[in-house]
Number of protein chains: 2
Amino acid sequence: MKGIYTIGDAARQSGVKVPTIRYYEEIGLLPAPPRTEGGRRSYGATDLRRLAFIRHARELGFEIDAIRTLLQLQDEPDQSCAAADAIARDHLVTVERRIASLTALREELARMVEGCSHGHVASCRVIEILADHGECAHHEGARA
Amino acid sequence: MKGIYTIGDAARQSGVKVPTIRYYEEIGLLPAPPRTEGGRRSYGATDLRRLAFIRHARELGFEIDAIRTLLQLQDEPDQSCAAADAIARDHLVTVERRIASLTALREELARMVEGCSHGHVASCRVIEILADHGECAHHEGARA
DNA sequence: CCTAGTTCCTCTAGCGACTAGAGGAGCAAG
DNA sequence: CTTGCTCCTCTAGTCGCTAGAGGAACTAGG
């Protein structure tokens, strides 16, 4: 398991961009790898796995702090996974809320676009609804 | 239509926070209002309407730049509303994409949480799926 | 008229999660 | 040995705010 990958390789294999990898190192999400004589980062298979983990978690919308915790958990396989479970559950709730609010929003936008008679701005449904909150179904409808 | 509202009044009436109102002024989304002798901003009814418009549009997830365009359109009621329509349609597409990707994500998270046997990290579905992208249905599933 | 409390002012800096660009050094192939 | 790619560090910018410092100006009560 020697360090055999350059940062570019790591980027290609993990799908995380080069500057982002360096950024992850800077914020302590990824350990600083050994360097070659010329001062270049050289990654091993473990790093690539870690990067893939991070990328997947980011894709799933987990925040960096949550990922930090998940990574710590992964490093101690004997611990109870209750914490990981809690993080995932928590995130599921967030996602569900976000879906609900976006769905309401979609209705609103669809009504807006549909009602538009494609005439002049003066009689434009889109502008009208935006101007008059009272006209819309989106009262206190949470945040996207 | 005199300037009769303080920035605090404007904030209360529009639901936009005081520093945010000043920020909108700074970025040119809201015109700089006249000041009182003591140097305080004094807003009129027009400003309040504009603020409400902005707030509503932000609530609906429109970006500041889109709102800038929409406001310009609102100021010229004789123009065709095609542009406003396009912006709204565009945003609708974005929202629909976001919903689709979040829905896929929800499935993924639900499977993760369900599969978790609440034992040790070593056999935790949550960690496992995160570590191994191949195990999950979320291939190239766009961004949340 | 004085004071206490609130609201306002400007200014700078910070958030999250990157992204972009400058300016320079290392390295592999022809 | 030169060309062109990758890599290095560093600073600054993105978006849409938010937080805090330090100070001035109103408002109500005594």
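The values are calculated or read from the model by the stated rules, or taken from the named source; none is laboratory data. All values reported here derive from a predicted model rather than from experimental measurement. Don't worry about glycine lacking a Cβ; one is built from the backbone with ideal geometry, like all the others, and counts go over all protein chains shown. Keep in mind that these areas ignore ligands, DNA and RNA; they rest on the heavy atoms of the full protein, side chains included. Shrake-Rupley method; radii C 1.70, N 1.55, O 1.52, S 1.80 Å.
Which of rounded, prolate or oblate describes the range A:1-52 when judged by the alpha-carbon gyration tensor and an a/c cut-off of 1.5? Rounded is the answer for the range A:1-52, as its axis ratio a/c remains below 1.5. The B-A contact accounts for roughly 4900 square angstrom of buried accessible surface, both chains included, probe 1.4 angstrom.
Which helices of chain A meet both criteria: a Cα extent of 24 Å or more along the helical axis and a mean Kyte-Doolittle score no lower than 1.0, with helices taken as whole DSSP H segments?
Working: long enough: A:82-115 (49 Å, 0.11).
Helices passing the filter in chain A: none found.
If you sort B:H118, B:H91, B:H133 by accessible surface, 1.4 Å probe, largest first, the order is B:H118, B:H133, B:H91. In sequence order, the range B:37-44 has phi-based couplings of 3, x, x, 9, 5, 10, 9, x Hz under the Karplus curve 6.51 cos²θ - 1.76 cosθ + 1.60, θ = phi - 60°, and Gly or Pro positions carry x. GNM on chain B, alpha-carbon springs under 10 angstrom: the most fluctuating residue among B:G44, B:G15, B:G119 is B:G119. Residue order by solvent-accessible surface for A:R55, B:R12, A:R89 is B:R12, A:R89, A:R55, largest first, with ligands and nucleic acids left out and a 1.4 Å probe. Under 1.5 on a/c is rounded, so check that first for the range A:39-89, then, if it is not, pick prolate when a/b is larger than b/c and oblate when it is not; a ≥ b ≥ c are the square roots of the alpha carbon gyration tensor eigenvalues. Cα axes put the range A:39-89 in the oblate bin. Scanning chain B for the beta carbon that comes closest to the axis linking it by rotation to A yields B:I99, 3, distance in whole angstrom.
For chain A, the dipole from Cβ point charges (+1 on Lys and Arg, -1 on Asp and Glu) about the Cα centre works out to 760 debye, to the nearest 20. Comment: the Cα-to-Cβ extended label point of B:G39, at 7 Å, lies 4.9 nm from its counterparts in the other copies, nearest first. Calculated over the protein assembly as shown, the projected area of the Cα convex hull averaged across directions stands at 20.5 nm². Across chain A, the relative contact order, built from alpha-carbon pairs under 8 Å that are at least six residues apart, equals 16 percent.
Please return the longest range in chain A lying between exposed loop sites, taking GluC sites (Glu not before Pro), DSSP loop only, at most 16 other beta-carbon atoms within 10 Å, and leaving the sites out. Segment A:64-139 is the longest. Mean-square fluctuations from a GNM of chain B, with a 10 angstrom spring cutoff on Cα atoms, peak among B:I127, B:I64, B:I87 at B:I127. Measuring between their Cα centroids, the range A:80-122 and the range B:14-79 lie 25 Å from each other.
Solvent-accessible surface of protein heavy atoms, probed at 1.4 angstrom with all chains present, puts A:Y23, A:Y5 in the order A:Y23, A:Y5, largest first.
Label-point distances for B:A110 to the equivalent site in the other copies, using a point 7 angstrom along Cα→C-beta, read 2.0 nm when ranked shortest first. Position A:T69: other-copy label points at 4.0 nm, ordered by increasing distance, label point 7 Å along Cα→C-beta. With the charge dipole of the protein assembly as shown set up from +1 on Lys and Arg Cβ and -1 on Asp and Glu Cβ about the Cα centre, the Cα lying farthest toward the positive end among the listed residues B:P34, A:P19, A:L60 is that of B:P34. Here the protein assembly as shown exposes an accessible surface that is 49 percent carbon and sulfur, computed with a 1.4 Å probe and the other protein chains kept in place. Considering only the Cα atoms of chain B, their convex hull presents on average a projected area of 13.3 nm². Solvent-accessible surface (1.4 Å probe) assigned to A:S101 amounts to roughly 10 Å².
With a 10 Å cut-off around each Cβ of B:84-93, the average count of Cβ atoms from other chains is 6.
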